[in-house]
Amino acid sequence: MNVEEIIYSLYKNNNSSEEELLFLIQNIDKNNMKLLIDKADEVRRRTYKNKVYIRGLIEISNYCKKNCMYCGIRRDNTKACRYRLTKEEILECARRGNDLGYKTFVLQGGEDPYYTDEIMVDIISSLKKEFPNNAITLSLGEKSHDSYKAFFDAGADRYLLRHETASKKLYEDIHPGEKFGDRINCLKDLKEIGYQTGAGFMVGIPNQTDQDLVNDLIFLKEFQPAMCGIGPFISHKDTPFNNYENGGLDKTITILAITRLLLPQVLLPSTTALSSIDPKGRELGIKAGCNVIMPNLSPMSQRKKYSLYDNKAYILDEDAEYRKMIDKNISEFGFKVEESRGDNPNFM
Ligand code: SAH
Ligand code: SF4
């Protein structure tokens, strides 16, 4: 086996064997990383040209009933200062975002029982009523089939639920009391209901092996998500993983580029976590095949509290200024911000 051959075959077939993927991840060097990135860029351009889609992220609550070992807003973190947004506050964020050209709102939060189905349906339908041409993405964790269906019927278009890791043992080690099968069933429910569904994972989770990453890539290829969120693990000081190293920049970029080759049409964000480990993270992600960014629209007064990991990038940038900065930034490295809903082509 040889790294270049594997890259060319991935590029040609949009597929690869487990052995080849493992060999690629373990043997790629600076030179053939450039080849991998160039090929990922080329494949992205076939579907999306040089367009980068923007999504306005509204972090609706940092209360969470789960206890994920890596996450700063986990239930047992008594140091987290909790908040939740009302419907009116969420609508205010959306209005600000809409004025700035955001055609997708992403409502993300911890698994907060305060938001009953009834409350969520009211929030979603109010957003849809005021912004009928905008897409709504939810990222609120695991729910029943009935809840997902109710949100979809109320107008939600997309749902982000990272699988976190496709290795059952690792999954269950980092999610105390949770079952891997439940997560996968949620993803299947979302897809079956008709959502543009997003899977994804972290690179560099404590004790994650290269084989675990291969499992993630194989899972993606099989599941065929419409969107895929991949970012480095970043430690948070008030979690059990506080002493572990962050996921690496090159490794994350490699995995993103491979994902683009495996899933040519996937919507692939260059995540805030990637920007948080390196000031050039966003740019490098986009060059390697990412085509989405998700700027923050949460109320300034609450932003610091939605702390999943330490040293989160861009949290205190003012929205209008930041929006201009994005345009400038993205065009400087040869891409163009696209102000449309940016649906996956299979859902248009
Ligand atoms: N509660 C929902 C959505 C909010 S968390 C859920 O868990 O699905 C959104 C994502 O943040 C998670 O899927 C996880 O992959 C990521 N995340 C959480 N803690 C992180 C950390 N310490 N480093 C990097 N990403 C993290
Ligand atoms: Fe809650 Fe999501 Fe954080 Fe897990 S990752 S503790 S579910 S907010």
Quiz item: If we scan the range 210-232, do we find a residue that is buried (at least 22 other Cβ atoms within 10 Å of the Cβ), within 16 Å of ligand 2 (Cβ to nearest atom) and farther than 26 Å from Asn329 by Cα?
Solution: no
Exercise. Determine whether the range 191-203 contains at least one residue that is touching a Phe, Trp or Tyr at 6+ places or on another chain (Cβ under 7 Å), open to solvent by 30 Å² or more (accessible area, probe 1.4 Å) and assigned to a helix (DSSP H, G or I).
Key: no
Quiz item: What are the pairs, 6+ residues apart or on separate chains, where a residue within the range 297-317 that is touching a residue at least 40 places away in the same chain (Cβ under 8 Å) has its Cβ under 6 Å from a residue that is part of a loop (DSSP other than H, G, I, E, B) and open to solvent by 40 Å² or more (accessible area, probe 1.4 Å)?
Solution: Lys305/Cys81; Asp310/Lys237
Exercise. With the condition kept exactly as written, say whether any residue in the range 70-81 is acidic (Asp, Glu) and in contact (Cβ under 8 Å) with a residue 12 or more places away in the chain.
Key: no
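Just the residues that are in contact with a Cys (Cβ under 7 Å, 6 or more places away or on another chain) and within 30 Å of Ala320 (Cβ to Cβ), please, taken from the range 42-78.
Within the range 42-78, the subset in contact with a Cys (Cβ under 7 Å, 6 or more places away or on another chain) is 58, 73-75.
Answer for the range 42-78, where residues must be in contact with a Cys (Cβ under 7 Å, 6 or more places away or on another chain) and within 30 Å of Ala320 (Cβ to Cβ): Ile58, Ile73.
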Quiz item: Within the range 181-190, how many residues turn out to be open to solvent by 20 Å² or more (accessible area, probe 1.4 Å) and in contact (Cβ under 8 Å) with a residue 24 or more places away in the chain?
Solution: 3
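Consider the range 321-348. How many of its residues are of a type outside the set (S, T, N, Q), in contact (Cβ under 8 Å) with a residue 60 or more places away in the chain, open to solvent by less than 60 Å² (accessible area, probe 1.4 Å) and not in a helix (DSSP H, G or I)? Full working, then the answer.
Step one: filter the range 321-348 for residues of a type outside the set (S, T, N, Q), giving 321-328, 330, 332-339, 341-343, 345, 347-348.
In the following step, the residues that additionally are in contact (Cβ under 8 Å) with a residue 60 or more places away in the chain were identified as 323, 326, 330, 334-339, 341-343, 345, 347.
Narrowing the set further to residues that are open to solvent by less than 60 Å² (accessible area, probe 1.4 Å) leaves 323, 326, 330, 334-335, 337-338, 342-343, 345.
In the following step, the residues that additionally are not in a helix (DSSP H, G or I) were identified as 334-335, 337-338, 342-343.
Qualifying residue count, the range 321-348: 6.
The values are calculated or read from the model by the stated rules, or taken from the named source; none is laboratory data. Because the structure is a prediction, the values reported are computed rather than measured. With ideal geometry, Cβ positions are generated from the backbone for all residues, glycine too; neighbour counts draw on all protein chains shown. Each accessible area value is taken on the protein alone, full model and side chains, heavy atoms only, with ligands, DNA and RNA left out. Shrake-Rupley method; radii C 1.70, N 1.55, O 1.52, S 1.80 Å.
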